[in-house]
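See structure below.
Quick note: the coordinates plus some simple rules give every number you see, no bench work behind them. Bear in mind that the values here come from a model prediction, so they are computed numbers and not experimental data. Don't worry about glycine lacking a Cβ; one is built from the backbone with ideal geometry, like all the others, and counts go over all protein chains shown.
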Amino acid sequence: GAGVSQSPSNKVTEKGKDVELRCDPISGHTALYWYRQSLGQGLEFLIYFQGNSAPDKSGLPSDRFSAERTGGSVSTLTIQRTQQEDSAVYLCASSLAAGGSSYEQYFGPGTRLTVT
Amino acid sequence: AQSVSQHNHHVILSEAASLELGCNYSYGGTVNLFWYVQYPGQHLQLLLKYFSGDPLVKGIKGFEAEFIKSKFSFNLRKPSVQWSDTAEYFCAVSGFTDKLIFGTGTRLQVFP
């Protein structure tokens, strides 16, 4: 596929459970970003990766949130002990590079997380 | 801190009407500016972007935006909207880290 893919597309979980969200960026894209879209907060930046390192984690809302990227490709966003306020659409984007470059970010379809 | 304001939350137009969506940003350095669109049931896609050069940028589907540095604005325009332009529009800014800071979005409804 040519675009950014995310899985699962929908996830319903009980409060207190852990969830993992996956992002497959466009092949060759070194920069990867996680955002979330919720009714109350709009579109918020969470974290970005350049290769496998995360120079900017400033948007992660709490220490329950973590993310990793392996092999400069797939990334996983993990939310531990989910809370109802974590309900949102989690979006992943990738671009050719980062750090003041002029490359477009391409967005995936998102994972809709519902915490009951 | 960077921030983006979109003053129009919901805009309703008839086909062929002209469109202007406001976007103001707050940032103390060099910025890159974007408009993204999210059609119903689809994911975010880029309409247009400004990095440098001509402050009037043209994007896809007949959209354009003008960067006015003195006003910290990057308003989106289209001379004649179509029903297919019904979507949510997001203005965004990035600085040296490339993370996007989004406005709250404007929902556009176009009626035939």
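Things to note:
- The convex hull built on the alpha-carbon positions of the protein assembly as shown has an orientation-averaged projected area of 12.5 nm².
- Here B:I68 and A:T13 are evaluated by their C-beta separation; at R0 = 45 Å the FRET efficiency comes out at 0.50.
- Chain B: Rg to Rh, with Rh as the Kirkwood radius over Cα pairs: 0.95
- Summing charges over all other residues whose Cβ lies under 12 Å from the Cβ of B:L56, with Lys and Arg as +1 and Asp and Glu as -1, gives -1.
- Amide H contacts of B:N8 (H built 1.01 Å from N, in plane; Pro and chain starts excluded): B:G22 sit under 5 Å, all sequence-distant by 5 or more or on other chains.
- Computed from backbone phi, the HN-Hα couplings of segment B:87-103 come to 4, 10, 10, 10, 8, 9, 10, 9, x, 6, 8, 6, 5, 8, 9, 9, x Hz, rounded to whole numbers (Karplus: 6.51 cos²θ - 1.76 cosθ + 1.60, θ = phi - 60°; Gly and Pro given as x).
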